Amino acid sequence: MPDNCPNEKALIEGAIGGDADAFGELYTHYLDPIYRYIYFRVGDEDDAEDLTEQVFLQAWEALPGYQPQGYPFSAWLYRIAHNIVVDHHRRNRLAATLPGNVNWESGETHSLEQIIRAEEVKTLANAIAQLPEAQQEVIVLRFIEGMNHKRVAQILNKSYGASRTIQYRALTALNELLTCEKAGVL
């Protein structure tokens with residue numbers, strides 16, 4: 001989990017002061033979790049990479065005005081990522097899907113287990129993409145990023161109870177979608 005960035009406070013202060021190396025350390029620490037969050041929201045590796053870079057570019061530009069206000073730095077980054085993903089979906093108006101993780105043209109051999117896993121991930125991502133936006137975010141942050149309820153609530157700017165309610169509804173809807181998928185209804 002990205003919450004334990006060593007010397008985060010000093011790095012943030014340095015980055016606010018224009019220290020590119022300090023920001024570089026923050027970037028390195030938070031790059032993977034922000035990328036995963038975006039990837040599961042947009043479903044395309046190239047788009048996820050581009051959008052992740054936009055997050056850090058916006059963060060660098062907005063850093064002089066950054067105020068923690070009791071929230072961790074990572075919550076601020078996830079908020080920027082959320083806004084960029086929303087803008088991306090508005091521009092594209094396409095449902096988010098995960099590309100298959102199996103590269104058939106590469107000539108590489110894949111075990112049946114890898115192929116089944118890739119299909120399961122794709123099925124799950126397709127089901128998540130059918131949920132309302134807030135439910136998608138809760139599922140990705142809680143179960144893919146492994147955050148606790150308090151952190152998710154901070155990132156979503158919701159109360160702890162509201163965040164748990166969204167999660168309950170998301171899991172119920174996801175269960176229904178996956179059950180229908182398994183039964184061949186969808």
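Rule-based calculations on the coordinates, nothing more; no lab input. Everything numeric here is computed off the predicted structure, so don't read it as measured data. Neighbour counts run over all protein chains shown; Cβ positions are idealised from the backbone, glycine included.
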Seminar exercise, completed: What helix-only [θ] at 222 nm does the chain give? Using -39500 (n - 2.57) per DSSP H run of at least 4, over all residues, to the nearest 500, the answer is -22500 deg cm²/dmol
Seminar exercise, completed: the chain: relative contact order from alpha carbon pairs under 8 Å, six or more residues apart, as a whole percent, is 21 percent
For this session: For the chain, build the charge dipole from Cβ charges (+1 Lys, Arg; -1 Asp, Glu) around the Cα centre, then report which of Phe40, Met147, Ala162 sits farthest towards its positive end.
Result: Ala162
For this session: Subtract the Cα-Cα distance of Ala20 and Ile116 from 0.36 nm times their separation in residues, and report this length gain in nm to one decimal.
Result: 30.2 nm
For this session: Please give, to one decimal in nm, the separation of the simple spin-label points placed at Asn7 and Arg164, each 7 Å out from Cα toward the Cβ.
Result: 3.9 nm
For this session: Extending each Cα 7 Å along its Cβ direction at Asn148 and Tyr71, get the distance between those two points in nm, one decimal.
Result: 1.9 nm
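Compute, for the stretch 108-186, the length of the dipole vector about the Cα centre, with Cβ point charges of +1 (Lys, Arg) and -1 (Asp, Glu) only. Units Debye, rounded to 20. Show your work: numbers first, answer last.
On the way: 9 positive and 9 negative charges, 104 e Å.
In total the dipole reaches around 500 debye.
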Problem set entry | Those lysines that a straight Cα-Cα span of less than 18 Å connects to Lys122, excepting residues fewer than 8 apart in one chain | Lys182
Exercise. Given 10 Å bins starting at zero, what is the percent of C-alpha pairs of the stretch 1-96 in each, up to the one with the largest pair distance?
Worked result: 16, 50, 27, 7, 0
Exercise. Points 7 angstrom from Cα along the Cβ direction at Gln130 and Arg90: gap in nanometres?
Worked result: 2.7 nm
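Rounded, prolate or oblate: pick one for the stretch 108-186, where a ≥ b ≥ c are the square roots of the eigenvalues of its C-alpha gyration tensor, a/c under 1.5 means rounded, and failing that, prolate if a/b is larger than b/c, else oblate.
oblate
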Problem set entry | Cα-centred dipole magnitude for the chain, charges only on beta-carbon of K, R (+1) and D, E (-1), debye, nearest 20 | 1100 debye
Problem set entry | Radius 15 Å from Cβ of Glu119, net charge of other residues (Lys, Arg +1; Asp, Glu -1) | 0
For this session: Give me Phe73, Phe23 ranked fewest to most by other Cβ atoms within 10 Å of their Cβ, as a rough exposure proxy.
Result: Phe23, Phe73
